[in-house]
Ligand code: NAP
């Protein structure tokens, strides 16, 4: 099984930006025509659709033609003229989107049935009152329910949400049995996301192809979960600035999200844990966490989701839903998420950053597990009163400094930009120094040296050699390098020859194991942690 993602386009100039993994392209012809004079758009539209069809054919993608009228929240002026436009453009597309509320629905359906064209029959509704949708881009669809002889849309409120959605589906199925039914509505609260899941389960039982999700920021969960729950497809925006409907996520982010999914193992009770950040496509956390979850036979899947800063609040809101066990948070949101949480663990509060959010019955609890490497360092050297030199004062250093101070170490923070070292040192009661020959000479009498800079990382503009390192490290020194791409950084290679060392992926594992224990509420067995390490090594080298 695959998750079908459809990217919505308003102009063929956007074709080159489509992720090649994307299976469907929707062309919003109404948005293309907007602002063009009728004299010019007909020809331009013909050439645009030609371009689109050629691209899709070359990339084995399927195309959907959608023309929404202003009454439906789109930009095309007239329902009748749309019939003509459909007739001229449809032959170039694999699917056509016919509005259930169109006065000309029956004629269009009959025409497309004759031409054996695949139809998506669409209804845009508001739950639970089935009022006209009023979100931007989907304003005031007056046609909905007015020109349609549908007992369902004119019905007074059903007693529960499910029978109502069922009734809509039933009426649409009666109108066009072979069409794919698309039922979307604007979510006003998180629990609205349960409606598509239930409707999709019902449709699956009856073998009806359905697309169903909620629009709006509160509906993001249903957009993501739709294909998992059996929706024929879900829609994504071309990029963060080009959403054609409220709440749309970027199509390549959806594709990254589904890339880690084990469809065969999913059932209605499956829970999800996310890693959210920006960017996040490179994250190895799904690989190691899914290994652990499978080993422990837990019905949880760990997936990555890039969060645009404009959608961070909605994504955090989504985590309160029952399908999500929580999330790991990575750069650049470890501080930004804090105000949205219901409580923050004292350690994370002291560090000033959260990397783990646990959903406890709809309440979001923040933790920081980044310092979990410190006890591991403490197994090789005694940290109490130990002289520790920490190079770097960025995000990676905070939790380590906090952990070292808590273990009673004597910490000096050295950084290229002295201000940052001073600020960190002030926050945690450490010493600070600028990066210089003099400050680095302190390594001669140190017990622990930690590199938390990007120096040595693949592709880093910082270069690969830490300046002012002593010709030879003292034998009793422990070197820990947070960089793990590559594992054998120049610093580690030197340390292997001259003293003790611990490599950067150990920190990734340590924080991951501790986070997993918070998500699942029990200890991760040692053999599972060892397996996580092996998985990581496979992907890093
Ligand atoms: P960051 O916030 O951008 O901080 C970068 C640090 O590197 C700053 O202190 C910066 O100094 C210093 N730096 C950069 N280029 C330098 C140069 N040419 N000379 C001297 N100092 C230089 O980055 P971060 O989030 O802390 O990440 C740092 C590294 O840790 C990355 O390689 C990341 O992949 C790794 N990391 C590993 C783990 C793990 O689990 N092992 C976890 C998190 C991060 P200035 O202040 O002077 O700019």
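If R0 is 60 Å, what FRET efficiency do you get for residue 438 and residue 16 from their C-beta distance, rounded to 0.05?
0.65
If one computes the Cα centroid of the range 373-423 and of the range 436-456, what distance in Å separates the two points?
11 Å
Given 0.36 nm per residue, what is the gain on full extension from residue 527 to residue 360 after removing their alpha carbon distance, in nm?
57.4 nm
Distance from a point 7 Å along Cα→Cβ of residue 297 to each backbone N in the range 261-288: keep the residues under 13 Å and list them by number.
Residues passing the 13 Å test: none.
For the pair residue 259/residue 338, report the inter-label distance in nm, with labels modelled 7 Å from Cα in the Cβ direction.
Calculated label separation equals 3.2 nm.
Need one number: nm distance between label points at residue 104 and residue 44, each 7 Å from Cα along Cα→Cβ, rounded to one decimal.
The answer from the label model is 2.2 nm.
Taking the Cα-to-Cβ direction at residue 239 and at residue 2 and moving 7 Å from each Cα, how far apart do the two end points lie in nm?
Output for this residue pair reads 2.5 nm.
Going by the alpha-carbon gyration tensor, a ≥ b ≥ c the square roots of its eigenvalues, is the range 273-324 rounded (a/c under 1.5) or, if a/c is not under 1.5, prolate (a/b greater than b/c) versus oblate?
Note, shape of the range 273-324 comes out oblate.
State the percent of C-alpha pairs, over all pairs in the range 229-275, separated by a distance greater than 15 angstrom.
55 percent
Using only Cα atoms, tell me the angle between helix 161-175 and the longest principal axis of the chain; keep it within 0 to 90° and round to the nearest 10.
The angle comes out near 50 degrees.
Roughly how tilted is helix 526-540, in degrees to the nearest 10 and between 0 and 90, from the longest Cα axis of the chain?
80 degrees
Can you put 498, 84 in order, fewest other beta carbons within 10 Å first?
Arranged by neighbour count, lowest to highest, 498, 84 become 84, 498.
Please compute the contact order of the range 337-447 in relative form: average sequence separation of alpha-carbon pairs under 8 Å and at least six residues apart, divided by the residue count, as a percent.
The normalised contact order for the range 337-447 reaches 20 percent.
Using r as the Cβ-Cβ distance of residue 269 and residue 539, and R0 as 41 Å, what FRET efficiency do you calculate, to the nearest 0.05?
Here the calculated transfer efficiency is 0.90.
Checking the a/c ratio against 1.5 first, then a/b against b/c, what shape does the Cα gyration tensor give for the chain?
Prolate, because a/c is 1.5 or more and a/b exceeds b/c.
Run the numbers for residue 382 and residue 427: contour at 0.36 nm per residue of separation, minus the present Cα-Cα distance, in nm.
Between residue 382 and residue 427, full extension yields 13.8 nm more.
Based on alpha-carbon centroids, what's the gap between the range 496-541 and the range 189-221 in Å, whole number please?
37 Å
Quick one: compute the contact order of the range 372-503, relative version, from alpha carbon pairs under 8 angstrom and 6+ residues apart, as a percent.
21 percent
In whole angstrom, note down how far apart the Cα centers of the range 35-105 and the range 258-334 are.
With the range 35-105 and the range 258-334 each reduced to a Cα centre, they are spaced 36 Å.
First measure r as the distance between the Cβ atoms of residue 60 and residue 471, then evaluate 1/(1 + (r/R0)^6) with R0 = 45 Å and state the FRET efficiency to the nearest 0.05.
Efficiency, rounded to the nearest 0.05: 0.15.
Using alpha carbons only, how many degrees (0 to 90, rounded to 10) separate the axis of helix 395-406 from the longest principal axis of the chain?
It is inclined by approximately 50 degrees.
How much length is gained on full extension from residue 417 to residue 460, taking 0.36 nm per residue of separation minus their Cα-Cα distance?
Here the answer is 13.7 nm.
The numbers here are math on the coordinates, done by the rules we state, and not lab data. Given the structure is predicted, the values throughout are model-derived calculations rather than measurements. Using ideal geometry, Cβ is built from the backbone for each residue, glycine included, and neighbour counts are taken over all protein chains shown.
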